[in-house]
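S.K.: A single structure is presented below for examination.
Just so you know, all these numbers are worked out from the coordinates, no wet-lab data involved. Everything numeric here is computed off the predicted structure, so don't read it as measured data.
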Amino acid sequence: MIELRNVSYSYDNSFNALKDITLNIEPGEAVAFVGVNGSGKSTLMKIINGLVFPAGGTFSFDGIEITEKRLMDTSFAKAFHKRVGFVFQNSEAQLFCTTVYDEIAFGPRQMGMAEEEVKSRVEDILRLLHIEELAKRQPYHLSGGEKKKIAIASVLVLNPEVIVLDEPMNGLDPKTKRFLRELMIALNKAGKTILCSTHDFDYVQGIFKRAVVFSKEHTVIRDGSYEEIITDREFLIENNII
Ligand SMILES: Nc1ncnc2c1ncn2[C@@H]1O[C@H](COP(=O)(O)OP(=O)(O)O)[C@@H](O)[C@H]1O
Ligand SMILES: [Mg+2]
């Protein structure tokens, strides 16, 4: 479903972020992206979400190459963004409406859904995340954990097939981390593809079957069983991951 072929990317044509990345991800996989800060995890996630485009190589989704030109076609872009959702590392970058309700309703309204459908979807998601009481609040004034839940809600409300999360555990309290872990496991069990960068190995047990490890040179140095990689302390220490 997700196919990267020899993908390279550099910011402003001078700061390397990804080098020759080849990666296939099948529907229903749960994959952890691991690697030191600056190794390219976030850039890869932006490519998978069509926010930036490979400078070299290709990214294809369901056999169709995702290019800037193709995403300029509004109906193609809508269909793509409905299938692939992105939870940013910084929730604030993702929240801009005056109420939580409107925030979560924003995506469905953009997709042109009828207001009745929007309402039923938003209410379902508020219930799923146990945040019904936040519906009328201003996202800006919420706690970090609450903001993260709203950002996740605004992605889940479109019922995407692929959910990409950039270091979602960062800055959350332990209870919210446990909640998020359970949620990711449940979403994956329900058939969603989960792609997630993380440093927080204590709180992600049981989520991932596969890990892809990035080096500080922005290449993939290992791609395999999450359990095997995460218990290989020597490898993790050598690569500055723990
Ligand atoms: N907006 C940007 N402008 C210039 N360089 C950037 C920008 N974003 C990221 N980089 C650089 O690209 C490399 C990869 O960054 P990133 O994908 O954020 O890594 P990670 O998520 O693994 O920490 C780093 O060297 C980083 O400094
Ligand atoms: Mg990052």
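S.K.: Between R127 and H141, what is 0.36 nm times their sequence separation minus the Cα-Cα distance? Round to one decimal in nm. Each step should come with its number before you reach the end.
M.R.: Details: separation 14, 0.36 × 14 = 5.04 nm, distance 2.05 nm.
Separation in residues times 0.36 nm, less the Cα-Cα distance, equals 3.0 nm.
S.K.: Of the residues D62, D20, D202, which exhibits the maximal mean-square fluctuation in a Gaussian network model of the chain defined by a 10 Å Cα contact cut-off?
M.R.: D202
S.K.: Considering Cα pairs under 8 angstrom that are at least six residues apart, work out the relative contact order of the range 199-242 and quote it in whole percent.
M.R.: On the way: 35 pairs, mean separation 12.5, N = 44.
It comes to 28 percent, rounded to a whole number.
S.K.: Throw me the Rg/Rh for the chain, computed over C-alpha atoms with Kirkwood Rh, two decimals.
M.R.: 0.96
S.K.: Per Stokes-Einstein, at 20 °C and 1.002 mPa s, what whole-number D in µm² s⁻¹ belongs to the range 1-90, with the Kirkwood radius over Cα pairs as the hydrodynamic radius? Intermediate values should be presented prior to the final figure.
M.R.: Working: Rh = 13.7 Å.
Translational D for this selection: 157 µm²/s.
S.K.: A further question on this structure: Taking the DSSP beta bridges in the chain as the whole, what percent of them are antiparallel, to the nearest 5? Please report the intermediate quantities before stating the final value.
M.R.: Details: 19 of 37 bridges.
Within the chain, antiparallel bridges account for around 50 percent of the total.
S.K.: From the C-alpha coordinates alone, can you work out the Kirkwood hydrodynamic radius of the range 8-148, in Å?
M.R.: 17.4 Å
S.K.: Could you please state, rounded to a whole Å, how far the C-alpha centre of the range 174-204 is from the C-alpha centre of the range 56-98?
M.R.: About 22 Å separates the Cα centre of the range 174-204 from the one of the range 56-98.
S.K.: For the range 124-140, what does the Karplus curve 6.51 cos²θ - 1.76 cosθ + 1.60, with θ = phi - 60°, yield as ³J(HN,Hα) per residue in whole Hz, taken in order and with x for Gly and Pro?
M.R.: With coefficients 6.51, -1.76 and 1.60, one gets 4, 5, 4, 5, 3, 9, 6, 10, 3, 6, 8, 3, 9, 6, 8, x, 4 Hz.
S.K.: In the structure displayed, which of K46/K149; K78/K175; K41/K82; K148/K189; K119/K177; K41/K149 lie more than 31 Å apart, Cα to Cα? Walk me through the intermediate numbers first.
M.R.: On the way: K46/K149 20 Å; K78/K175 34 Å; K41/K82 22 Å; K148/K189 21 Å; K119/K177 28 Å; K41/K149 22 Å.
In this structure, K78/K175 lie more than 31 Å apart at Cα.
S.K.: Pop out the Kirkwood hydrodynamic radius of the range 110-161 from its pairwise C-alpha distances, inverse of mean 1/r, in Å to one decimal. All intermediate terms of the calculation are to be shown ahead of the outcome.
M.R.: Numbers: mean 1/r = 0.0865 Å⁻¹.
Every distinct Cα pair counted, the radius reaches 11.6 Å.
S.K.: Looking only at S91, S60, S154, which one moves most when the chain is put into a Gaussian network model with springs between Cα atoms under 10 Å?
M.R.: It is S60.
S.K.: Using each residue's phi in the range 220-227, evaluate 6.51 cos²θ - 1.76 cosθ + 1.60 at θ = phi - 60° and report the 3J(HN,Hα) Karplus result to the nearest Hz, with x for Gly and Pro.
M.R.: Result, ordered by residue: 8, 9, 7, 8, x, 4, 4, 4 Hz.
S.K.: For the range 112-120, in order, what is each residue's ³J(HN,Hα) by Karplus, 6.51 cos²θ - 1.76 cosθ + 1.60 with θ = phi - 60°, in whole Hz (x at glycine and Pro)?
M.R.: In residue order, the calculated couplings are x, 6, 5, 4, 5, 5, 4, 4, 5 Hz.
S.K.: In the calculated pair distance distribution of the range 146-206, what percentage of Cα-Cα distances lie above 19 Å? Provide the component values of the computation, followed by the final result.
M.R.: Working: 396 of 1830 pairs.
Of the Cα pairs, 22 percent sit more than 19 Å apart.
S.K.: Moving on. Near the amide H of L95, under 5 Å away, which other amide H atoms are found, from residues 5 or more places off or on another chain, if H is placed in the peptide plane?
M.R.: Distant-sequence amide H within range of L95: zero hits.
S.K.: Please build a GNM for the chain, connecting alpha carbons under 10 Å apart, and tell me which residue among Q110, Q94, Q138 fluctuates the most.
M.R.: Residue with maximal mean-square fluctuation among Q110, Q94, Q138: Q110.
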